[in-house]
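First comes the structure, then the notes that go with it.
The values are calculated or read from the model by the stated rules, or taken from the named source; none is laboratory data. A quick note: this is a predicted structure, and the numbers were derived from the prediction, not measured. Methodologically, a virtual Cβ is constructed for each residue, glycine included, from the backbone with ideal geometry; neighbour enumeration extends over all protein chains shown.
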Amino acid sequence: MSEAYLTTHFGEKDSAKLDFYLSHRGYESARRAIGSMTPSEVVQLVKDSGLRGRGGAGFSTGLKWSFMPKPGQDDRPRYIACNADESEPGTFKDRAIMERDPHQLIEGLIIAGWAMQAKAAYIYIRGEYVHPARVLEAALREAYDGGYLGPRVMGTDFAFDVYLHRGAGAYICGEETGLMESLEGKKGQPRKKPPFPANYGLWGMPTTVNNVETFCHVVHVVDRGIDWFRGIGTEKSTGTTLFGVSGHVVRPGYFELPLGTTAREIIFEHAGGIANGRQLKGFIPGGSSTKPLPASAVDVRMDHDSLAAAGSALGTAGLIVMDDTTCMVRASKVIAHFYRDESCGQCTQCREGTAWLDKLIGRIEAGAGRMEDLDLLLDVANSIEGVTICALSDAAAWPVQGVLKHWRDEFARHVKEGKCPFPESFEV
Ligand SMILES: Cc1cc2nc3c(=O)[nH]c(=O)nc-3n(C[C@H](O)[C@H](O)[C@H](O)COP(=O)(O)O)c2cc1C
Ligand code: SF4
């Protein structure tokens with residue numbers, strides 16, 4: 001675990017306080033960026049580091065930042081939105097960062113603000129995250145009182161504000177344009193793209209949205225440089241990430257490890273293996289929207305390319321582990337129900353399709369399914385993928401496609417036996 005750096009001070013007394021942060025080189029990276037680097041040098045550094053967003057899609061952070069119009073070309077105010085909505089089932093890493101090291105995030109925002117010459121950043125935090133919001137509020141107050149935020153950041157001419165905005169508990173407000181609509185006080189419904197946020201974001205102004213963890217990595221890239229960062233992880237998935245492990249393991253929790261660590265190492269070494277002496281049946285690698293993989297795939301490396309090759313995705317690195325008592329139909333039902341509930345309803349394919357997935361899986365689980373429902377299920381999943389305004393319908397389709405690929409026989413057994421063959425499994 002020698003590569004861990006985001007979590008170095010987690011668990012230490014007062015790790016969320018400014019004095020603690022300052023005594024551990026806090027705000028030094030921001031000072032260096034503002035004091036000795038031009039905004040475009042910071043953008044280039046982040047690009048060259050290979051840092052990819054940690055919010056799910058894994059897009060190059062530096063490249064995204066470079067899409068923002070430069071002052072002089074376009075003098076509209078520029079904004080940053082920090083995505084702290086974290087509502088994907090199986091994902092809980094941003095919460096840990098905000099609770100335990102909030103100044104790390106604020107410093108990352110200041111560097112991003114300088115790089116993109118932004119006027120302000122808005123942290124959009126999930127409504128249920130009451131404690132993290134309180135910790136962040138206190139940290140923001142300290143940062144303003146200490147002169148790290150406000151009209152003269154660290155005594156320079158750079159003015160930068162950070163606002164905290166609490167959501168009201170809707171997964172769709174984590175989608176970047178849904179987030180912006182919600183921040184503007186409207187219903188959190190995603191916008192059609194183009195125009196993209198770099199051109200038309202918050203209040204129609206140029207905006208960049210990144211995940212909490214993404215901003216935090218930037219602090220360390222500025223501190224320790226490109227070669228150091230690229231030396232961790234794999235060629236195309238650089239650095240560490242916080243793997244959040246939940247489900248049937250001995251030690252659920254988050255573990256900061258290099259990207260490319262195998263699922264086997266994460267599950268069996270860091271999370272202590274499968275609980276109650278059971279066997280691994282399968283795992284969902286990156287939050288509920290990624291395709292589940294069977295136990296035979298446990299040696300897969302947890303990075304973007306390796307997981308794509310294995311037929312899934314890294315997503316948010318929220319690994320959900322399932323033992324051999326798990327009914328995959330019931331597990332799919334829980335997930336399908338979530339997406340049905342969270343669809344914002346704008347697109348017919350998503351509104352109707354997520355409802356059909358939920359209904360069909362529910363029918364099979366209840367023992368009332370027909371054999372042709374298996375093909376129908378796949379047909380519905382395939383027909384809602386890639387055709388809607390945002391990726392929520394893809395997120396609903398992928399787990400269904402994955403589970404039918406690896407556990408179709410289990411669905412068929414439910415139909416043949418007219419009941420769920422897994423009485424021990426968890427209740428929906
Ligand atoms: C339905 C839906 C929900 C999402 N929820 C989140 C979320 O809670 N947090 C997050 O960082 N990204 C979430 N995303 C991804 C964001 O749209 C966006 O890609 C991300 O915040 C960009 O940050 P990154 O480049 O640093 O990864 C979601 C996407 C979709 C389609
Ligand atoms: S895909 Fe679903 S959640 Fe996304 S905009 Fe369309 S209806 Fe709303």
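With respect to (1) in contact with a Phe, Trp or Tyr (Cβ under 7 Å, 6 or more places away or on another chain); (2) within 24 Å of Val43 (Cα to Cα); (3) of a type outside the set (A, V, I, L, M, F, W, C), the lone exception for Gly167 is condition (2).
As a summary of the residue check, Gln401 satisfies the conditions (1) part of a helix (DSSP H, G or I); (2) farther than 14 Å from Lys333 by Cα except for the one numbered (2).
Give the residue, chosen from Gly282, Gly311, that is within 29 Å of Asp358 (Cβ to Cβ), crowded, with 19+ Cβ neighbours inside 10 Å and touching a residue at least 60 places away in the same chain (Cβ under 8 Å). Steps first, answer last, please.
Values: Gly311 fails: crowded, with 19+ Cβ neighbours inside 10 Å.
The conditions single out Gly282.
Has region 111-121 got any residue that is among the aromatic types (Phe, Trp, Tyr), within 12 Å of ligand 1 (Cβ to nearest atom) and not assigned by TED's automatic domain parsing to the domain that holds Ile335? Before the answer, list the steps.
Going residue by residue through region 111-121, those that are among the aromatic types (Phe, Trp, Tyr) are 114.
Next cut, within 12 Å of ligand 1 (Cβ to nearest atom) only: none.
There is no residue in region 111-121 that is among the aromatic types (Phe, Trp, Tyr), within 12 Å of ligand 1 (Cβ to nearest atom) and not assigned by TED's automatic domain parsing to the domain that holds Ile335.
The residues of region 4-31 that are within 15 Å of Ile106 (Cα to Cα) and among the charged types (D, E, K, R), listed by number, are Lys17, Asp19, Arg25, Glu28, Arg31.
Name the residue, out of Thr208, Thr238, that is farther than 22 Å from Ala308 by Cβ and either touching a helix residue (DSSP H, G or I) at 6+ places or on another chain (Cβ under 7 Å) or within 16 Å of ligand 2 (Cβ to nearest atom) (or both). Spell out the reasoning first.
Details: Thr238 fails: farther than 22 Å from Ala308 by Cβ.
On inspection, the qualifying residue turns out to be Thr208.
For the structure I just gave you, tell me whether Ser288 is closer than 20 Å to Gly178 by Cα, under 19 Å from the mean Cα position of the chain (by Cα) and in the same structural domain as Arg251 (by TED's automatic domain parsing). In short, yes.
Of everything in region 1-29 that's of a type in the set (A, V, I, L, M) and touching a strand residue (DSSP E or B) at 6+ places or on another chain (Cβ under 8 Å), which residue is modelled with the lowest pLDDT?
The qualifying residue modelled with the lowest pLDDT is Met1.
Which of the numbered conditions does Gly169 fail, given that it passes all the others? Conditions: (1) modelled with pLDDT under 95; (2) not in a loop (DSSP other than H, G, I, E, B). The one condition Gly169 does not meet is (2). Screening region 182-216 for residues that are within 11 Å of ligand 1 (Cβ to nearest atom) and among the hydroxyl-bearing types (Ser, Thr, Tyr) and picking the one that is nearest to Asp75 (Cα to Cα) gives Thr208.
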